[in-house]
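Heads up, the thing below is written out as structure tokens.
Please treat every number below as a calculation from the coordinates, not as lab data. From a predicted model like this one, the values you see are computed outputs, not experimental measurements. Note that we place each Cβ from the backbone using ideal geometry, even for glycine, and neighbour counts take in every protein chain shown.
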Amino acid sequence: MADVSGPATPMNPPPVPLRRKMIAGGCTLMLLPVVPRLAQAATIVAVRTWPADEYTRVTLEMDTELKAEHFTLDSPHRLVVDIEGIQLSAAINDLVAKIKPNDPYISTVRVGQNRPNVVRLVFDLKQDIAPQVFTLKPIGEYKYRLVLDLYPKVAQDPLMALLKDAENDPLAGVLESLAQNSPSEAPIPSVEGQKLPPVARKPDDAPATPPRTAPSRPNRPILIALDPGHGGEDPGAIGKRGTREKDVVLQIAQRLKKMIDAQPNMRAYLTRDRDYFVPLNVRVQKARRVQADLFISIHADAWIKPSARGSSVWALSQHGATSSAARWLAKKENDADLIGGVNLSAHNAQVAKVLLDLSTGAQINDSIRVGTQVLNEIGKINKLHKNRIERAGFAVLKAPDIPSILVETAFISNPQEERLLRTSAHQERIANAVLSGVQDYFSAHPALARRA
Ligand SMILES: [Zn+2]
């Protein structure tokens, strides 16, 4: 067990209550058998970590809801979390080994029994953070979860991530001018306690105040936001052979991004580029922030009967779903936030409200156009589940100003399609079909790509 006393005094509890508690504890131990006391202690079922540039998440899953208190310390930066009602155990000690050397936020963690019945976690940090600590009630396969989200003190701007990705790109200059004209109505996704990054620096010869008229973007590439569904705590659907939706859809999105980036006039942006969870409305906010011309959410379907198969393409419906199966599917996909885990108290309620029900008829019409083209192309490489685009109230399709579709690439619950989804050849075929559909759409509607 690591030493948890640490270098700073605030990490040690005040001496008087500690002594009193120790005495009380000692008496208890002398008077009562040990067994009932141990039986009362909560059990840690699992410990998981999800490191990512955007934020690192640590999840402690347990059989009871536990109270946790946290505070941060400076020089050096630390996050201290006291969990009440548990004893040290092998499961919680596992956390030490689960911190990866490349974690952007955590360098090490120390675990110790701070007081009787209180376990203290001390995270030694690589940078200052804006932590979010919250609990989640049991859902799906999960029991109670205590979630520690370590966000950077200054929120990451998706536009800057896009520019960094495009460093050696001949179109970098065009993308940069986009950053300088970024609209104020698409705020940078951030959580409570985070500062917003400083405004992008203008080149020296730029006018002091750029005109706030609708930006004309003559040489701007068509920017496509690719949204691999699920991630992190949310595995999505799981096939018979254990294939996880979150993994195959990320692989397909990465293949598609490569294909799009190889086009002279197109670039792709991923709403997540590794295995961590992104809340549904953050995915939408990211796409708006980078001023995407199109939003494509990539998923794999599942049904109780293993015989269900085929691809489908979805657009938003504001007024009910096209079938009861459609309603069921939208609910399942929208549950991602519950399973992935969102801190509802801190979760940008005002942004969610702005997005809600703002979607316009024009957005939906364009979504149906592009979705139909994509469906046509996918129909050449896979059986279609339905011959026409379907509609339901998917939360992730609610960007009011970006045509948005959701592609259910295949049924992961169908053994044959699960096998296909795992192969690079089939992943390439799907990515290629989506790209062809997108190209068909933009060549038929060139004006749409240039609409400010
Ligand atoms: Zn899904």
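So the values come out like this:
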| item | result |
| --- | --- |
| Local electrostatic count at Gly140 - Lys and Arg +1, Asp and Glu -1, tallied over other residues with Cβ under 15 Å | 0 |
| Cross-link pairs beyond the 31 Å C-alpha cut-off, checked among Lys137/Lys258; Lys143/Lys246; Lys137/Lys286; Lys143/Lys380; Lys98/Lys240; Lys195/Lys332 | Lys137/Lys258; Lys143/Lys380; Lys195/Lys332 |
| At most 15 other Cβ within 10 Å, DSSP loop - trypsin sites (Lys or Arg not before Pro), segment 226-273 | Lys240, Arg241 |
| Local electrostatic count at Ala392 - Lys and Arg +1, Asp and Glu -1, tallied over other residues with Cβ under 9 Å | +1 |
| Whole-angstrom gap from segment 85-141 to segment 421-444, using each part's C-alpha centre | 41 |
| Net +/- balance of residues flanking Glu333 in space, Cβ distance below 14 Å, scoring K and R +1, D and E -1 | -1 |
